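Student: First the structure, which I've put down as structure tokens, then a few questions once you've had a look.
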Amino acid sequence: MIPPVEPLEKTARVSGMFSRIAGRYDLMNRLMSAGQDQAWRARMAFLAAPLPVDRALDVATGTADSALALLGRAKRVVGADPSDGMLRLGAAKVAAAGAAGRIGLVAADAQWLPFGDAAFDCATVAFGIRNMADPGRAFAEMGRVVRPGGRVVCLEIMPPSNSLLGKGYDLYLTRLIPLVGGWISHQPDAYRYLSDSVLAFRTPEELRDLMTQAGLTQVTFRTLNVGTMALHVGQVGGR
């Protein structure tokens with residue numbers, strides 16, 4: 001299938017933005033999550049493969065943090081991302097971890113994965129699904145390349161609720177993150193985009209329904225960090 005022009009344009013725009021902030025991306029992740037993002041990725045990896053598997057896929061892999069988290073659950077991992085700048089840093093990180101023989105990084109968009117059907121035992125996406133023009137297609141593609149019985153797991157930031165805590169989180173997203181992110185990365189527009197993309201994204205229930213509509217089954221979710229994050233787990237095949 002030839003991808004439509006509009007999704008391709010969004011992929012190019014967003015991947016270019018991430019390439020520009022790649023050098024400060026990991027630092028901002030640690031700051032924004034108060035150092036918890038690595039633990040969330042480890043939990044995502046465990047949910048994707050409660051028992052060790054042969055091959056795992058991580059899409060929107062960025063600087064390969066989630067691909068490295070999957071190493072404890074899979075013999076081989078493929079990380080896919082359309083941003084060359086992020087992949088370069090990811091490759092250096094994989095090499096430094098001595099994992100180059102087990103993790104392969106490829107330039108690819110999750111909405112059009114260059115892999116055969118049932119090529120992997122599980123697939124993950126962390127903090128990336130909201131950046132895609134067609135998240136439903138990305139989930140469908142992940143479901144296509146995962147074998148029947150395998151899992152697709154998504155870790156994502158959730159929009160603020162209407163509670164008092166949610167209003168405080170709104171201020172954190174819209175004021176503090178663009179200010180700090182812009183200062184550290186010298187790319188304030190990138191962190192305004194982050195805030196805007198979270199605010200415009202789906203609730204945990206809506207994301208569950210989207211995964212189900214994409215063909216995944218038995219989709220469940222749990223919220224983390226007082227509701228500001230969610231982990232969704234879907235199965236390929238079965239009802």
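Student: Can you name the residue in region 71-98 that is assigned to a loop (DSSP other than H, G, I, E, B) and in contact with a helix residue (DSSP H, G or I) (Cβ under 9 Å, 6 or more places away or on another chain) and is also surrounded by the fewest Cβ atoms within 10 Å (Cβ to Cβ) among such residues?
Tutor: Among those that are assigned to a loop (DSSP other than H, G, I, E, B) and in contact with a helix residue (DSSP H, G or I) (Cβ under 9 Å, 6 or more places away or on another chain), it is GLY72.
Student: For region 38-58, give me each residue that is over 15 Å from LEU231 (Cα atoms) and aliphatic (A, V, I, L, M).
Tutor: LEU51, VAL53, ALA56, LEU57
Student: With the requirement that a residue be farther than 12 Å from VAL152 by Cβ, surrounded by 19 or more Cβ atoms within 10 Å (Cβ to Cβ) and of a type in the set (A, V, I, L, M), what does region 211-239 give you?
Tutor: MET229, ALA230
Student: Let me confirm something: among ALA123, ALA56, which residue is surrounded by 23 or more Cβ atoms within 10 Å (Cβ to Cβ), closer than 24 Å to PHE139 by Cβ, of a type in the set (Gly, Ala, Ser) and under 13 Å from the mean Cα position of the chain (by Cα)? Write out each step before concluding.
Tutor: Details: ALA56 fails: under 13 Å from the mean Cα position of the chain (by Cα).
After applying the criteria, what remains is ALA123.
Student: Condition test on ASP26, is it of a type in the set (Asp, Glu), out of contact with any Phe, Trp or Tyr (no Cβ under 9 Å at 6 or more places or on another chain) and surrounded by fewer than 20 Cβ atoms within 10 Å (Cβ to Cβ)?
Tutor: So ASP26 fits the description; yes.
Student: Here is a follow-up. ALA67 - would you say it is surrounded by fewer than 24 Cβ atoms within 10 Å (Cβ to Cβ), modelled with pLDDT of 95 or more and not in a loop (DSSP other than H, G, I, E, B)?
Tutor: No: the conditions fail for ALA67.
Student: For MET142, state whether it is within 21 Å of PHE18 (Cα to Cα), in contact (Cβ under 8 Å) with a residue 12 or more places away in the chain and of a type outside the set (D, E, K, R).
Tutor: no
Student: Moving to a separate point now. Taking the stated definitions as given, is ALA119 over 20 Å from GLY62 (Cα atoms) and in contact (Cβ under 8 Å) with a residue 60 or more places away in the chain?
Tutor: Details: over 20 Å from GLY62 (Cα atoms): yes; in contact (Cβ under 8 Å) with a residue 60 or more places away in the chain: yes.
Here the answer is yes, as ALA119 does meet what is asked.
Student: Return only the number of the condition from (1) in contact with a Pro (Cβ under 9 Å, 6 or more places away or on another chain); (2) farther than 25 Å from ALA12 by Cβ; (3) of a type in the set (Gly, Ala, Ser) that ALA107 does not satisfy.
Tutor: Here ALA107 clears every test but (2).
Student: Within region 137-161, track down each residue that is basic (Lys, Arg) and surrounded by 21 or more Cβ atoms within 10 Å (Cβ to Cβ).
Tutor: ARG151
Student: A further question follows. Give GLY182, GLY234, GLY166, GLY215 a once-over and let me know the one that is modelled with pLDDT under 95 and either touching a helix residue (DSSP H, G or I) at 6+ places or on another chain (Cβ under 9 Å) or at positive phi (or both). Steps first, answer last, please.
Tutor: On the way: GLY234 fails: modelled with pLDDT under 95; GLY166 fails: either touching a helix residue (DSSP H, G or I) at 6+ places or on another chain (Cβ under 9 Å) or at positive phi (or both); GLY215 fails: modelled with pLDDT under 95.
Testing whether each residue is modelled with pLDDT under 95 and either touching a helix residue (DSSP H, G or I) at 6+ places or on another chain (Cβ under 9 Å) or at positive phi (or both) leaves just GLY182.
Student: Next up: Does GLY101 satisfy the condition of being more than 14 Å from ASP58 (Cα to Cα), more than 14 Å from the chain's Cα centre (by Cα) and crowded, with 19+ Cβ neighbours inside 10 Å?
Tutor: The answer is no for GLY101.
Student: Going by the conditions given, is PRO50 assigned to a loop (DSSP other than H, G, I, E, B) and either modelled with pLDDT of 95 or more or within 13 Å of the chain's Cα centre (by Cα) (or both)?
Tutor: yes
Student: Here are some residues: ALA118, ALA107. Which one is at positive phi and either surrounded by fewer than 16 Cβ atoms within 10 Å (Cβ to Cβ) or modelled with pLDDT of 95 or more (or both)? Let's see the steps before the verdict.
Tutor: Numbers: ALA107 fails: at positive phi.
That would be ALA118, the only listed residue that is at positive phi and either surrounded by fewer than 16 Cβ atoms within 10 Å (Cβ to Cβ) or modelled with pLDDT of 95 or more (or both).
Student: Let me ask another. Could you please tell me which pairs satisfy a Cβ distance under 6 Å, a separation of 6+ or placement on different chains, a first residue in region 188-205 that is farther than 16 Å from MET32 by Cα, and a second residue that is of a type in the set (Phe, Trp, Tyr)?
Tutor: Short answer, once both residue conditions are applied: PRO204/PHE221.
The values are calculated or read from the model by the stated rules, or taken from the named source; none is laboratory data. Note that this is a predicted model, so its numbers are computed, not measured. Heads up, the Cβs are rebuilt from the backbone with ideal geometry, glycines too, and the neighbour counts pull from every protein chain shown.
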